[in-house]
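Scroll down for the structure; my scribbles are underneath it.
The values are calculated or read from the model by the stated rules, or taken from the named source; none is laboratory data. Since we're looking at a predicted model, the values are computed, not measured. When we count neighbours, we look across all protein chains shown, and the Cβ atoms used for this are built from the backbone with ideal geometry, even at glycine. To get the accessible areas, we keep the full protein, side chains included, count just its heavy atoms, and leave off ligands, DNA and RNA. Shrake-Rupley method; radii C 1.70, N 1.55, O 1.52, S 1.80 Å.
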Amino acid sequence: MNKYIITSALPYANGKLHVGHLAGAYLPADIYTRFLKLCGEDVIYICGTDEHGAPISIKAEAEGKSPQEIVDFYHKSIKESFDAVFIEFDNFSGTSRPQHHQLSQEFFLNLLKNNKINTHLTKQAYCEHDKRFLPDRYVEGECHHCHSQGARGDQCDACGKLIDANLLINPICKICGNTPIIKDTTHWFLDLPAFSDQLKIWLETKENWKDNVKNFILGWIEEGLIERSITRDIDWGVPVPLKEAESKVLYVWFDAPIGYISSTIEWAEKMNKIESPSLELGKSEKKWQDYWLDKDTRLVHFIGKDNIPFHAIIWPALLMGQEKEYTMPWDIPANEYLTLEGEKISTSRDWAIWVEDFVKDFDGELLRFVLAANAPETKDADFSWKDFQNLVNNSLANVLGNLANRVFAFAKKNFDGVLRFPVYDSSSQSEIGFTQWSEFVDEIHTAYAEFKVRKAIKLTIDLAREGNKYFDEQKPWVVVKENPKQAEEILFHCAELLRIISIVFYPIMPKSMLKMREMMNLCLPLQEGIKGGLRVIAGSSTNHPLLWSEIQNTPEQYIIGDFEPLYKKIDDKEIETQIKHLYEKSKV
């Protein structure tokens with residue numbers, strides 16, 4: 001069995017979550033983690049909020065609050081949004097916590113000791129009005145590469161290139177809007193070029209990576225890597241652990257990915273307190289090291305494409321420069337962007353669907369389904385309210401929901417909800433079972449393993465369509481009049497298919513699949529005499545996980561209990577209201 005560490009890019013703690021965030025880094029990671037747990041793998045899903053950096057300082061100054069107050073507010077907001085769409089982390093931490101500060105400083109000192117950090121007298125933007133050096137994100141202007149407006153002093157979102165703030169055309173101070181001057185200041189730099197050969201050799205072994213990730217990064221290395229500043233002149237962040245740098249903090253790009261490790265350490269401490277209240281000294285340390293210091297651990301980073309350089313070049317370099325031999329990224333399935341109604345999502349003009357608003361009107365699980373069905377895996381994808389309505393109504397309600405409803409209703413009406421395992425004889429016309437659908441199941445398994453959630457959804461809905469087709473072709477409503485036994489066989493096979501779907505669709509739709517299993521009495525202690533290896537489910541995949549291997553464990557009978565429609569159709573008026581609201585709020 002492999003060990004897995006699954007991470008999502010740390011969400012920045014200065015704003016709310018919108019649908020674009022979910023589609024790129026968080027929903028795919030949660031689906032993959034749930035799949036691995038279904039397969040019985042040893043896996044932890046680690047994340048937390050990115051809590052340092054200039055944007056948080058800027059927001060704090062604008063609102064008259066401390067950076068910590070901003071961080072605490074948005075950490076809570078972000079976590080509540082994740083909970084509302086059933087994103088289930090093993091640990092969700094934050095980078096302003098003492099453990100993270102300590103580990104980040106250790107990373108810095110190891111790189112310095114290993115001669116991977118250089119010191120330079122640099123020229124930096126200085127605002128004479130505010131009497132302060134301006135970190136890169138305090139400066140905006142025209143990109144000197146593509147000449148797009150609004151480029152930040154560290155990166156241009158339009159062309160994706162990292163840039164030097166001093167090369168911005170017509171720069172302005174983000175605080176006061178004045179034009180800054182350039183002054184000398186000392187900073188510490190990561191010697192990224194020193195890792196070029198080592199990085200290239202490592203990257204060339206990544207045959208399983210998406211082409212858009214691997215080609216992008218190899219192109220970067222071929223162009224020539226440059227040193228990258230590790231420190232900045234700002235008062236919010238991890239203090240640089242050097243006496244001569246008392247007024248400086250570590251750059252947020254440097255400390256943020258270290259949060260994957262510090263969050264795992266926090267997870268280990270929590271788990272050990274649960275498992276052993278009288279914790280032995282050193283046990284907690286070993287628990288996280290079992291993952292991060294094992295070369296066979298599969299470290300998978302789920303990110304948006306804007307984070308590719310940080311996770312595929314800079315972060316691996318930081319790991320290579322340490323005293324400990326940390327596990328290296330095994331895969332980085334970066335996703336493309338999600339647009340909204342054909343336009344780029346823009347938080348500044350409120351052209352976004354915020355998760356906290358969505359769940360006021362719809363079940364958060366519906367958002368999981370639609371974003372996964374249209375995931376931006378290889379190219380940009382678009383979210384539209386009409387597509388949302390069509391996908392929910394035509395795939396969930398009309399196909400899967402319809403199959404469950406008609407099977408349960410027929411079973412209750414004609415067999416008091418009890419469907420017994422068929423005993424076949426020469427008169428049986430409906431012999432069918434797991435083997436008939438195993439090809440679908442195998443393809444769904446492969447799709448999950450290859451991060452192809454769109455394909456996994458299509459195959460699952462197609463599987464439900466097969467169930468409806470089988471129901472229609474077998475005509476149990478006709479058969480039951482002359483041969484009740486055969487009609488019961490038909491219904492048993494349909495129930496068997498629904499049980500299989502409840503497992504293979506669980507990574508995407510955990511809430512409704514557990515609900516369907518409850519209707520089939522698969523989530524309760526089984527009655528005496530019923531066999532089949534079914535386990536108790538208590539609503540959480542963490543405490544009482546399903547297992548993919550249970551797909552082949554057909555029970556001796558199904559007992560259909562109280563049931564209701566799995567999915568409600570969304571009417572035109574509901575969608576028209578959402579579209580109207582989106583356009584109105586973006587104009588304010």
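Consider F216 carefully, then state whether it is at pLDDT 85 or above and among the aromatic types (F, W, Y). Taking the combined requirement at face value, the residue does not satisfy it.
Taking D380, is it open to solvent by 10 Å² or more (accessible area, probe 1.4 Å), in contact with a Phe, Trp or Tyr (Cβ under 8 Å, 6 or more places away or on another chain) and within 17 Å of H21 (Cβ to Cβ)? Judged against the criteria, D380 is a match.
Taking first residues from segment 126-139 that are of a type in the set (K, R) and partners that are open to solvent by less than 20 Å² (accessible area, probe 1.4 Å), the Cβ contacts under 8 Å between residues at least 6 apart in sequence or on separate chains come to R137/G53; R137/A54; R137/G153; R137/D154. Looking across segment 10-56, just one residue is part of a loop (DSSP other than H, G, I, E, B), touching a Pro at 6+ places or on another chain (Cβ under 9 Å), modelled with pLDDT of 95 or more and open to solvent by 10 Å² or more (accessible area, probe 1.4 Å), and that is L10. In this structure, E488 does not satisfy being in contact with a helix residue (DSSP H, G or I) (Cβ under 9 Å, 6 or more places away or on another chain) and under 30 Å from K379 (Cβ atoms). Kindly indicate whether Q486 is modelled with pLDDT under 95, over 21 Å from I457 (Cα atoms), open to solvent by 10 Å² or more (accessible area, probe 1.4 Å) and touching a strand residue (DSSP E or B) at 6+ places or on another chain (Cβ under 7 Å). So Q486 fails the test.
Considering the conditions (1) open to solvent by less than 20 Å² (accessible area, probe 1.4 Å); (2) outside any strand (DSSP E or B); (3) modelled with pLDDT under 95, I87 is excluded by exactly one of them, (3). Considering segment 414-442, the residues that are surrounded by 13 or more Cβ atoms within 10 Å (Cβ to Cβ) and among the hydroxyl-bearing types (S, T, Y) include one that is modelled with the highest pLDDT, namely S438.
Against the test of being modelled with pLDDT under 90 and either loosely packed, with under 15 Cβ neighbours inside 10 Å or assigned to a helix (DSSP H, G or I) (or both), the options E106, E61 yield a single qualifying residue, E61. Only one entry in K161, K174 is modelled with pLDDT under 85, open to solvent by 60 Å² or more (accessible area, probe 1.4 Å) and either over 19 Å from K59 (Cα atoms) or aromatic (F, W, Y) (or both), namely K161. A334 falls short on exactly one of the conditions (1) small (G, A, S); (2) crowded, with 21+ Cβ neighbours inside 10 Å; (3) more than 22 Å from A447 (Cβ to Cβ), and that condition is (3).
Taking each residue of segment 502-521 that is without any contact (Cβ under 8 Å) to a residue 40 or more places away in the chain and looking for partners that are among the hydroxyl-bearing types (S, T, Y) and outside any helix (DSSP H, G or I) with beta-carbon atoms closer than 8 Å, six or more apart or interchain, yields M513/Y506; L514/Y506. Against the numbered list (1) within 30 Å of T205 (Cα to Cα); (2) open to solvent by less than 60 Å² (accessible area, probe 1.4 Å); (3) not basic (K, R), E365 comes up short only at (1). Against the conditions (1) over 30 Å from F492 (Cβ atoms); (2) crowded, with 16+ Cβ neighbours inside 10 Å; (3) modelled with pLDDT of 95 or more, K386 satisfies every one except (2). Residues that are in contact with a Gly (Cβ under 6 Å, 6 or more places away or on another chain) and not β-branched (V, I, T) within segment 1-49 comprise L10, G24, A25, G48, listed in sequence order. For segment 454-500, the set of residues classified as among the β-branched types (V, I, T) and within 22 Å of N414 (Cβ to Cβ) consists of V478, V479, V480, I490, listed by residue number.
Please determine whether any residue of segment 118-136 is under 30 Å from the mean Cα position of the chain (by Cα) and part of a helix (DSSP H, G or I). For segment 118-136, residues under 30 Å from the mean Cα position of the chain (by Cα) and part of a helix (DSSP H, G or I): present.
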